[in-house]
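S.K.: Pasting a structure here, questions to come.
Coordinate-derived values only; no laboratory data. Not measured: the values here are computed from a predicted model. Heads up, the Cβs are rebuilt from the backbone with ideal geometry, glycines too, and the neighbour counts pull from every protein chain shown.
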């Protein structure tokens, strides 16, 4: 099967998913039905489905059939992780994440509900306890950034930030890079929450920018490995 034909079949399958309004977890037509619908070989359909499975567009459950995938960005994160390890491009990844979060925090500052602020306070308190005990708080840090943008109700934002967060921490763990000053990191997270509580858009953005300066130090560590 040529590359052009393979792409055409993948486009036909994704087009079918969209035209039928199928959602994650919904079953796709059987291989035989797809062969008949598109007029191509069974092997061509299988190769196209495997390629779409690699993108989490479809999920092949052996013995049960093929379903619409979860449409997650997990494979995107895998590719970025490899890129960061291979060409030391972590600085570029952090730069993109910083630009995204600086823009988003301005929107959040105007709408974040009190319940989310209270939850962010709880998370930073847990981070502080772990830092003072000499521990790490990767799980709490991830939760903080996920919760920070919850009020935007944008699932793509959530998935993108999760992907960037996963890449940074995977690479850091792989290369043995750690936070040089966890207590200072906690203070920077608290400064973000304080600015949000005051509904101070400019201060919230400055606090987020300052938070990323800590990440710059760890990027420098990664580059030196």
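S.K.: If the viscosity is 0.890 mPa s and the temperature 25 °C, what translational diffusion coefficient in µm²/s does Stokes-Einstein give for the range 3-68 when Rh comes from Kirkwood over Cα pairs?
M.R.: Numbers: Rh = 11.7 Å.
In µm²/s, the coefficient rounds to 210.
S.K.: Something else now. If the chain between residue 155 and residue 30 were fully stretched, how many nm would it gain, using 0.36 nm times the residue separation less the Cα-Cα distance? Write out the running numbers ahead of the final one.
M.R.: Working: separation 125, 0.36 × 125 = 45.00 nm, distance 2.98 nm.
Once the chain is fully extended between residue 155 and residue 30, it gains 42.0 nm.
S.K.: Here's a follow-up. Once the Cα atoms of the chain are picked out, what are the Rg and Dmax in Å?
M.R.: Values for the chain (Cα only, Rg and Dmax): 21.7, 65 Å.
S.K.: For the range 1-122, what is the per residue volume of the convex hull drawn over the alpha-carbon atoms, in cubic angstrom? Present the calculation step by step, with values, prior to reporting the outcome.
M.R.: Working: hull volume 24.4 nm³, N = 122.
Once divided by residue count, the hull of the range 1-122 is 200 Å³.
S.K.: Okay, helix-only estimate at 222 nm for the chain: each DSSP H run of n ≥ 4 adds -39500 (n - 2.57), divide by all residues, round to 500 deg cm²/dmol; what do you get?
M.R.: Numbers: 10 runs with 165 residues, N = 225.
Rounded to the nearest 500, it is -24500 deg cm²/dmol.
S.K.: Among 75, 173, what is the fewest-to-most ranking by other Cβ atoms within 10 Å? All intermediate terms of the calculation are to be shown ahead of the outcome.
M.R.: Numbers: 75 14, 173 11.
By the 10 Å Cβ count, ascending, the order reads 173, 75.
S.K.: May I have the pair-distance distribution P(r) for the range 97-201, computed from all Cα-Cα distances with 5 Å bins from 0 and rounded to whole percent?
M.R.: P(r) over the range 97-201, rounded to whole percents: 2, 12, 22, 24, 22, 12, 5, 1.
S.K.: Taking only Cα atoms and a 10 Å spring cutoff, compute GNM fluctuations for the chain and point out the largest among 20, 188, 150.
M.R.: 20
S.K.: Percent of Cα-Cα pairs more than 14 Å apart in the range 113-171, please. Write down the numbers at each step before the final one.
M.R.: Working: 1015 of 1711 pairs.
Roughly 59 percent, once rounded to a whole number.
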